[in-house]
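Undergrad: Below is the structure I would like to discuss, written out as structure tokens.
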Amino acid sequence: MPGTHWEKSSFSGVEGANCVEVARFEGRLLLRESDDPDTVIATTPAGLNALVRWQKSRRADGIC
């Protein structure tokens with residue numbers, strides 16, 4: 001994936017390390033931690049949306 005343009009999450013703050021980054025590659029979304037850039041998770045936009053909705057629902061229920 002050379003030349004992939006990674007974007008840092010706006011929730012990651014101003015520090016350079018320990019940031020969630022996302023990129024688009026061949027119709028998929030790629031996710032990684034900036035402190036471990038060789039570990040990449042690929043998902044679809046719908047899959048990421050489902051994960052975010054699930055996490056928000058757990059927070060609203062006081063689980064997280």
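Laboratory data are not the source of any read-out in this text; all were calculated from the coordinates shown. These numbers come from a predicted model, not from an experiment. All Cβ positions, even for glycine, are placed from backbone atoms using ideal geometry, and neighbour counts span all protein chains on display.
Undergrad: Measure off 7 Å from each Cα along the Cα-to-Cβ vector at Glu7 and Ser57, then give the distance between these two points in nanometres to one decimal.
TA: So the label points at Glu7 and Ser57 sit 2.6 nm apart.
Undergrad: How about segment 18-58: which GluC sites (Glu not before Pro) there lie in a loop by DSSP and see at most 16 other Cβ atoms within 10 Å?
TA: Answer in residue order: Glu26.
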